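A short write-up of the structure that comes next.
Taken together, the values in this text are just the output of simple stated rules run on the coordinates, not laboratory data. This structure is a prediction, so every number in the text was calculated from the model and none was measured. With ideal geometry, Cβ positions are generated from the backbone for all residues, glycine too; neighbour counts draw on all protein chains shown.
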Amino acid sequence: MSRIGKKPIELPAKVEVNIKGQEVTVKGPKGQLTRTFHPDMTIKLDEKTLTVERPSDLRHHRALHGLSRALLNNMVVGVSTGFRKTLEIEGVGYQADLQGKNISLKVGLSHPVIIEPPDTDTSFEVPKDSRGRVIHIDGINNEVVGQIASEIRAWRPPEPYLGKGIRYSDERVRRKAGKTGKK
């Protein structure tokens with residue numbers, strides 16, 4: 001049995017859920033998210049709790065059960081508190097600048113890289129005290145926030161010898177020893 005799928009989702013205050021067949025809309029203080037779930041999954045709303053049920057114990061139903069519950073929980077958390085990913089930039093001359101809503105990366109290329117947020121619910125932040133070394137990505141959709149963070153990191157992933165590049169704040173880069181000199 002799916003332990004995650006069986007857990008009910010408690011709705012915080014000021015969060016509304018509207019279920020029309022397989023389409024679920026979650027509205028909260030930060031915004032609104034809509035998603036269509038698999039037709040085999042049943043989503044029920046009881047006052048302030050959401051539950052996901054599956055029709056059988058087949059393998060794909062068990063997998064969909066936990067997935068559907070996790071996606072639904074991410075929607076509720078996103079519209080109530082939101083999601084944040086933090087990236088750190090290491091390297092001489094590497095930095096990020098905020099230009100309106102867009103972010104400009106200087107990461108050792110011949111030109112600055114301009115990255116635009118994909119929708120209005122996602123925003124970038126570069127704290128002034130970090131001198132362009134920290135980027136915060138905020139949004140209500142966990143998938144979009146993670147995808148943007150991954151695309152920014154892909155411009156200059158951390159390299160193992162000097163550690164230069166863009167990394168997640170909780171990422172540990174395994175460092176390698178450099179060349180040893182001739183004797």
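Structure notes:
- Trypsin sites (Lys or Arg not before Pro) within the stretch 39-128: DSSP coil, no more than 16 neighbouring Cβ in 10 Å: Lys48, Lys101
- Only lysines eight or more places from Lys101 in sequence, or on another chain, were considered; those with a Cα closer than 17 Å are Lys85, Lys128.
- Extension gain for the segment Arg175 to Arg131, taken as residue separation times 0.36 nm less the Cα-Cα distance, is 13.4 nm to one decimal.
- Placing unit charges on the Cβ atoms only, positive for Lys and Arg and negative for Asp and Glu, gives the chain a dipole magnitude near 1120 debye about its Cα centre.
- The calculated 222 nm mean residue ellipticity attributable to helices in the chain amounts to -7000 deg cm²/dmol, summing -39500 (n - 2.57) over DSSP H runs of n ≥ 4 and dividing by all residues.
- The GluC sites (Glu not before Pro) found in the stretch 1-88 that occupy coil by DSSP, while having at most 14 further C-beta atoms within 10 Å, are Glu47.
- Angle in degrees between helix 142-154 and the longest Cα principal axis of the chain, rounded to the nearest 10: 20
- Where labels lie 7 Å past Cα in the beta-carbon direction, separation of Gln22 and Leu58 in nm: 1.3
- For the chain, the longest principal axis of the C-alpha atoms and the axis of helix 59-80 are separated by about 70°.
- Among 150-162, 24-36, the peptide with the highest mean count of other Cβ atoms within 10 Å heads the list, and the full ranking is 24-36, 150-162.
- Measuring r between the beta carbons of Lys6 and Tyr161 and using R0 = 30 Å, the FRET efficiency lands at 0.05.
- In the list (1) 19.0; (2) 17.6; (3) 18.3, the label attached to Kirkwood radius over Cα pairs in Å as derived from the coordinates here is (1).
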